[in-house]
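K.L.:
Mind looking over this structure? Questions follow.
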Amino acid sequence: IYNDIGTTGGPSKWPRHEGTLTQTSAIGSTPNTRQALAKRGAHAYAGLTMWTDVHLSARLRSPSLGSIGLLFRVRDNTHYYRFAINGQHNYCRLLRRDGDAMEALWEADLAVEVGRPYRVDIVAIGSRIVVYLDGRFVCAVHDRAHQNGRIGLYSYYNPGANFSDLSV
């Protein structure tokens, strides 16, 4: 299932080639500042809304300065968790979207290298969410807002965002 929640640059296009899914449109929204949490872009969903505990793993490669990331426990377009890295503002962030409310659960500076593949692992068991980047521990948080949902891919003002080696 593909969904464009951004307000500019659509529609999304998600061609597949040799095990890689690429989002080729520059979908986004304003404002595009580091402080802005919404960053509505393009989503691609898979799996079942009844999934609870999940270990999601994927290789992400960003050819531009936009955001790229993974979604999990997605109930619908306005209820999910998102882990993303952003090359324009050089950070990685875990956030929760609950309707119109967005909250950063964790954030840190990250010198993002454009074109470099990053392996992201997310382990969500019960209320505990743990994130690894390239096999290194990034963060652990507890949050009970979303206990089940699909998984997804996320791109924001990032034409050519590349997703491979996806496993759940």
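The values are calculated or read from the model by the stated rules, or taken from the named source; none is laboratory data. All figures in this text were calculated on a predicted structure; none of them were measured in a lab. Every residue, glycine as well, gets a Cβ built from its backbone with ideal geometry; the counts of neighbours run over all protein chains shown. Just the protein is used for accessible areas: all its heavy atoms, side chains included, with ligands, DNA and RNA removed. Shrake-Rupley method; radii C 1.70, N 1.55, O 1.52, S 1.80 Å.
K.L.:
Only one residue in N3, N32 is assigned to a strand (DSSP E or B), open to solvent by 30 Å² or more (accessible area, probe 1.4 Å) and touching a residue at least 24 places away in the same chain (Cβ under 8 Å), so which one is that?
P.N.:
Unique residue meeting the criteria: N3.
K.L.:
Now a separate question. For the range 40-90, what are the residues that are open to solvent by less than 30 Å² (accessible area, probe 1.4 Å) and either in contact with a helix residue (DSSP H, G or I) (Cβ under 9 Å, 6 or more places away or on another chain) or of a type in the set (F, W, Y) (or both)?
P.N.:
Y45, F72, Y80, Y81, F83 - these are the residues of the range 40-90 that are open to solvent by less than 30 Å² (accessible area, probe 1.4 Å) and either in contact with a helix residue (DSSP H, G or I) (Cβ under 9 Å, 6 or more places away or on another chain) or of a type in the set (F, W, Y) (or both).
K.L.:
Being open to solvent by 60 Å² or more (accessible area, probe 1.4 Å), in contact with a Phe, Trp or Tyr (Cβ under 9 Å, 6 or more places away or on another chain) and not β-branched (V, I, T) is the requirement here; does R119 meet it? Break it down into steps so the answer makes sense when it comes.
P.N.:
Numbers: open to solvent by 60 Å² or more (accessible area, probe 1.4 Å): yes; in contact with a Phe, Trp or Tyr (Cβ under 9 Å, 6 or more places away or on another chain): yes; not β-branched (V, I, T): yes.
Taking the combined requirement at face value, the residue satisfies it.
K.L.:
I would also like to ask the following. Going by the structure shown, is R128 of a type in the set (D, E, K, R) and under 12 Å from S67 (Cα atoms)?
P.N.:
no
K.L.:
Shifting gears a bit: Pull up the range 125-166, narrow it to residues that are touching a His at 6+ places or on another chain (Cβ under 8 Å) and farther than 27 Å from N32 by Cα, then point me to the one that is most open to solvent (accessible area, probe 1.4 Å).
P.N.:
Here the answer is R128.
K.L.:
Within the set of pairs 6+ apart or on separate chains, which have a first residue in the range 96-125 that is in a loop (DSSP other than H, G, I, E, B), a second that is open to solvent by less than 70 Å² (accessible area, probe 1.4 Å) and of a type in the set (F, W, Y), and C-beta atoms under 7 Å apart?
P.N.:
Every condition considered, the pairs that remain are L110/Y91.
K.L.:
Among the residues that make up the range 110-117, is at least one of them touching a strand residue (DSSP E or B) at 6+ places or on another chain (Cβ under 7 Å), at pLDDT 95 or above and closer than 20 Å to R34 by Cα?
P.N.:
Taking every residue of the range 110-117 in turn, none turns out to be touching a strand residue (DSSP E or B) at 6+ places or on another chain (Cβ under 7 Å), at pLDDT 95 or above and closer than 20 Å to R34 by Cα.
K.L.:
Could you please tell me which pairs satisfy a Cβ distance under 7 Å, a separation of 6+ or placement on different chains, a first residue in the range 128-144 that is touching a residue at least 12 places away in the same chain (Cβ under 8 Å) and part of a strand (DSSP E or B), and a second residue that is surrounded by 15 or more Cβ atoms within 10 Å (Cβ to Cβ) and of a type in the set (D, E)?
P.N.:
From the range 128-144, the pairs are I129/D143; Y132/D121.
K.L.:
Here's a follow-up. Name the residues in the range 8-23 that are open to solvent by 60 Å² or more (accessible area, probe 1.4 Å) and either more than 26 Å from R75 (Cβ to Cβ) or touching a residue at least 60 places away in the same chain (Cβ under 8 Å) (or both), would you?
P.N.:
Of everything in the range 8-23, those that are open to solvent by 60 Å² or more (accessible area, probe 1.4 Å) and either more than 26 Å from R75 (Cβ to Cβ) or touching a residue at least 60 places away in the same chain (Cβ under 8 Å) (or both) turn out to be P15, H17, E18, G19.
K.L.:
Against the definition (within 14 Å of the chain's Cα centre (by Cα), part of a strand (DSSP E or B) and either within 12 Å of G152 (Cα to Cα) or without any contact (Cβ under 8 Å) to a residue 60 or more places away in the chain (or both)), how does A58 come out, yes or no?
P.N.:
Here the answer is yes, as A58 does meet what is asked.
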